[in-house]
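Please treat every number below as a calculation from the coordinates, not as lab data. Predicted model only: the values in this text are computed from it and were never measured. Cβ: placed from backbone, ideal geometry, glycine included. Neighbour counts: every protein chain shown.
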Amino acid sequence: MSRARSWAVIGLIALAIGGAVWASRPPDRMREISGVWLLEFEGSNFFEGATAATVRDFDPDDAGWLDEGDAIDVGKLLAEDGGSANCYKVHAFELRFKGRRHAGASGHLGMRNSRYEVDEIIEIKPIAWPECDSPYDWKAER
């Protein structure tokens, strides 16, 4: 095996070990969490600390994945308002709940850097959200 190939293999092994250590970090303690939840087609983005007035100030890359579990009846939330022929509607909610934050790759295709686990809903309020507007349409310029 060539020296370059050996270093490549060592690098891949180190990356795999680092990823496993990162993913195995323990979750935060149970606490009250509030923010804005954007429920989209193949998306469940949660912005901790955001409100309806401030959510667009947050960087979409900082969203965590919201895992609603059995605490939220998503079917009921979506039954009231579907999408249109041209897009999938974004459903937005101000959300306050008891739960935990888990660090590590999460969500659809592992594209979020954390996951929020909902144990108990305290309050959920729908937010009017423009049709087809997703976090990726308002990404902060760098």
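Could you quote the convex hull projected area for region 27-137, Cα atoms only and averaged over all directions, in nm²?
6.7 nm²
Express in whole angstrom the spacing between the alpha-carbon centres of region 107-129 and region 30-70.
First find each Cα centre; the distance between them is then 5 Å.
Could you grab the relative contact order for region 27-137? Cα pairs under 8 Å, six or more apart, rounded to a whole percent.
Averaging sequence separation for qualifying contacts and normalising by length gives 33 percent for region 27-137.
Taking neighbour counts of Cβ atoms within 10 Å as a proxy for exposure, in what order, fewest first, do Ser2, Ser134 appear?
Ranking Ser2, Ser134 by Cβ neighbours within 10 Å, fewest first, gives Ser2, Ser134.
Which aspartates and glutamates, on any chain, are close to Lys125 with Cα under 12 Å apart, when same-chain ones fewer than 8 places away are left out?
Cα-Cα hits under 12 Å: Glu94.
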